[in-house]
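Data block below; observations after.
What follows is calculated from the coordinates using simple rules that are stated; it is not laboratory data. Given the structure is predicted, the values throughout are model-derived calculations rather than measurements. All Cβ positions, even for glycine, are placed from backbone atoms using ideal geometry, and neighbour counts span all protein chains on display.
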Amino acid sequence: MIRADLHIHTTFSDDSQTTPKDLVERLVAHPSIKAAAVTDHDSVKGIRIVQALAKPYADVLILPGVEISTPQGDIVILGAEEMPPKPWTVGNVVDFAKRNAYLSIAAHPFREWGLGEATRTSNVDAIEVLNGGSSASANEQAHELAVELGLPGVAGSDSHKPSELFSAYTEVKAGLNVDEILRAVRKGLVKAVLSDKSIRF
Ligand SMILES: [Zn+2]
């Protein structure tokens, strides 16, 4: 079993202060969370840079990803190192993920910029049931929807600064390998966990 923060913004998102170096340093220092997904807003430019910084450390893994702003709400694609073709409708983004064996995730569905009830017809692979930036009630609503739809529930910090990293994470029954993690999430071999607090430096 590994622990992974599946929703992280770096400075390749306009609204984040977490540099690639911050992310890798904190991931290396963390006692148990050893996988982190880079999911910048509408950009995959940071992935290679973060991966290169993490390369010397055999016990950490950077998952590629992106958070796409569709007009209906945000969708995280895990596994993607390239952008989906435009227009970024929900259908196009979810199809892009399916065609390439990536994972589509309804991010914070019941917060601002979330898909909300449109999650039901979106055909996403999983739902973010714990988001570090969402209220307890919004997370609870997301959890209930995942149960109702029979979809895997995942977690991520949605951190925009270093102190917010790892505030929520996913326990995945997989090794430290991108394909294994994507496969395990798809099978629902996951548990969403909210940390008491993220690690402080
Ligand atoms: Zn986000």
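Amide H contacts for G175 (H built 1.01 Å from N in the peptide plane; partners 5 or more residues away or on another chain; cut-off under 5 Å): none found.
Remark: the V193-R120 segment gains 24.0 nm on full extension, using 0.36 nm per residue and subtracting the alpha carbon distance. Once the gyration tensor of the Cα atoms in the range 115-189 is diagonalised, the equivalent ellipsoid follows with semi-axes of 19, 19, 10 Å, ordered largest first. Of the residues E82, E171, E128, the one that moves most in a GNM of the chain with alpha-carbon contacts below 10 Å is E82. When +1 charges are put on Lys and Arg Cβ atoms and -1 charges on Asp and Glu Cβ atoms, the dipole computed for the range 87-201 relative to its Cα centre reaches about 300 debye. Scoring 104-115, 27-38 by mean Cβ neighbours within 10 Å over their residues and listing the highest first yields 104-115, 27-38. Counting charges near H143 (Lys, Arg +1; Asp, Glu -1) among other residues having Cβ under 13 Å from its Cβ returns a value of -3.
Net charge of the neighbourhood of P87, taken over other residues with C-beta under 14 Å away and scored Lys/Arg +1, Asp/Glu -1, is -1.
Within the chain, DSSP assigns beta bridges of which about 55% are antiparallel (rounded to the nearest 5). Listed by chain and number, the lysines whose alpha-carbon sits under 16 Å from that of K173, ignoring those within fewer than 8 places in the same chain, are K34, K187, K191. Once label points are set 7 Å from the Cα along Cα→Cβ at both D179 and N92, what is their separation, rounded to one decimal in nm? Each label point is offset 7 Å from its Cα along the Cβ direction, giving 3.0 nm. Estimated from helices alone, the mean residue ellipticity of the chain at 222 nm is -7500 deg cm²/dmol (sum of -39500 (n - 2.57) over DSSP H runs with n ≥ 4, per residue).
When each of the peptides 73-81, 47-55 is scored by how many other beta carbons lie within 10 Å of its residues on average, the order from highest to lowest is 73-81, 47-55.
Work out the charge dipole of the range 83-201 with +1 on the Cβ of Lys and Arg and -1 on the Cβ of Asp and Glu about the Cα centre, then indicate which of N100, W88, V185 is farthest towards its positive end. Final value for the positive-end residue is N100. Highest mean packing comes first when the peptides 159-166, 91-98 are listed by Cβ atoms within 10 Å, giving 159-166, 91-98.
Computed from point charges on the beta carbon alone (+1 for Lys and Arg, -1 for Asp and Glu), the dipole magnitude for the chain about its Cα centre is near 560 Debye.
At full extension, L149 and V28 could sit 40.0 nm farther apart than now, given 0.36 nm per residue minus the alpha carbon distance. Here the chain is treated as a Stokes sphere of Kirkwood radius computed over C-alpha pairs; at 25 °C and 0.890 mPa s its diffusion coefficient rounds to 152 µm²/s.
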